[in-house]
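Here the structure is laid out as C-alpha cells; the discussion comes afterwards.
The values are calculated or read from the model by the stated rules, or taken from the named source; none is laboratory data. This is a predicted model, so every value here is computed, not measured. We place every Cβ from the backbone using ideal geometry, glycine too, and count neighbours over all the protein chains shown. Just so you know, the surface numbers come from the protein's heavy atoms only, side chains and all, with ligands and any DNA or RNA stripped out. Shrake-Rupley method; radii C 1.70, N 1.55, O 1.52, S 1.80 Å.
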Amino acid sequence: MTTLILLAAEKKSAEVTDWAARIGWVAGLALFVALVYWLMREGWKWRGTLQSDLPDLPDAPDSPGPAKLTLSGRYHGSTTAGQWLDRIVAHGLGTRSRAELTLTEEGLDVVRPGATDFFVPRQALRGARLDKGIAGKVLTEGGLLVVTWAHGGKLLDSGFRSDRAAEHREWVDAVNSMIETNSTEGAER
C-alpha cells in the first residue's frame, strides 16, 4: 500500500505552455501573411503600370436612346480577348462589382456602383458569347456572358453574370445582330 502512495506522489504535473515561443510563431506567421499580401498588391499595381497605354474609358452619350435590353448582375472583369487569364486592371477594369447593363442603338452602357462606369460604343463591339470563365471566375458551361470589344487598339473580353442567367442567350443574339448590322451598313457604303 505504501508503494502505491509513493507512485501516486511521484506523478509529474502538466507542462506549462511556453508563451514566448507561441507568440513568436504567431508574430512570424502574421508577418509572412502581410508580406504575401504586400507582394500581391505590388503585382496588381505593376500590371496596371504595364497596361497604362490603354486610353481612358469612354463615357456614355448624353442621349443614348431607348434601351433594347437591360441586365442586372455582376461584372467579373475584363481580359485580353482570347486569353481568359490575362486580366486587364487599368482604369478599374479589373475591379469586380455589381453592374447594370443597358444595350441601346449607341452601344453598351455599363454602370457599376462603387467602381468606374464605362461605355462601349456600337462601332467598338466585336461580338458576344456564352462562356464558362474569365480571370478569377469559373462557372458552369454557358454561365457567363462575355462581350468582346475594341479599345485603344486592343480587343478586350468583359465578363458579366446576370441575376437571371436565362437572359444571357438573348443578350448574345442582340449584340451579335447589332454587329452584323454594322457590317452590312459598312459594306453598302
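Odds and ends about this structure:
- Residues in the stretch 112-142 that are open to solvent by 60 Å² or more (accessible area, probe 1.4 Å) and without any contact (Cβ under 8 Å) to a residue 24 or more places away in the chain: 6 in all.
- Counting the residues of the stretch 149-167 that are buried (at least 20 other Cβ atoms within 10 Å of the Cβ) and either over 14 Å from Leu103 (Cβ atoms) or modelled with pLDDT under 90 (or both) gives 4.
- From the list Gly77, Gly73, Gly65, the one residue that fits, being assigned to a loop (DSSP other than H, G, I, E, B) and either of a type outside the set (Ser, Thr, Tyr) or over 10 Å from the mean Cα position of the chain (by Cα) (or both), is Gly65.
- Residue match in the stretch 19-27 (condition: among the β-branched types (Val, Ile, Thr), within 21 Å of the chain's Cα centre (by Cα) and at pLDDT 90 or above): no
- For the stretch 43-88, a residue qualifies if it is farther than 25 Å from His168 by Cα, open to solvent by less than 90 Å² (accessible area, probe 1.4 Å) and without any contact (Cβ under 8 Å) to a residue 40 or more places away in the chain, and the qualifying residues are Gly43, Thr49, Gln51, Ser52.
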